[in-house]
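Heads up, the thing below is written out as structure tokens.
The values are calculated or read from the model by the stated rules, or taken from the named source; none is laboratory data. Since this is a predicted model, take the numbers as computed values, not measurements. Counting neighbours? That spans all protein chains shown, and the Cβs are built from the backbone with ideal geometry, glycine included. SASA here: full protein model, heavy atoms, side chains in, ligands and nucleic acids out. Shrake-Rupley method; radii C 1.70, N 1.55, O 1.52, S 1.80 Å.
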Amino acid sequence: MSSSDLKDEARGRAVEPLLPVEKKLIGWSFGLGVVLLVVLVAINHLVPVKF
């Protein structure tokens, strides 16, 4: 199968909406990432690094 066949097949596919559980998973993953980033920044400011 050539790459042009793959492109044609991908163009012809109908767009499927996300399921509610998929939306929830994306939201939780994004939220967890933001929270962990904030925790990392807070720890970085509170604990000075000494070499």
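Taken over the range 1-32, the criterion of being of a type in the set (Asp, Glu) and at pLDDT 90 or above is satisfied by GLU22 alone.
All of VAL41, VAL34, VAL47, VAL15 fail the test of being free of Cβ contacts under 8 Å to residues at least 24 places away in the same chain, open to solvent by 100 Å² or more (accessible area, probe 1.4 Å) and β-branched (Val, Ile, Thr), apart from VAL15.
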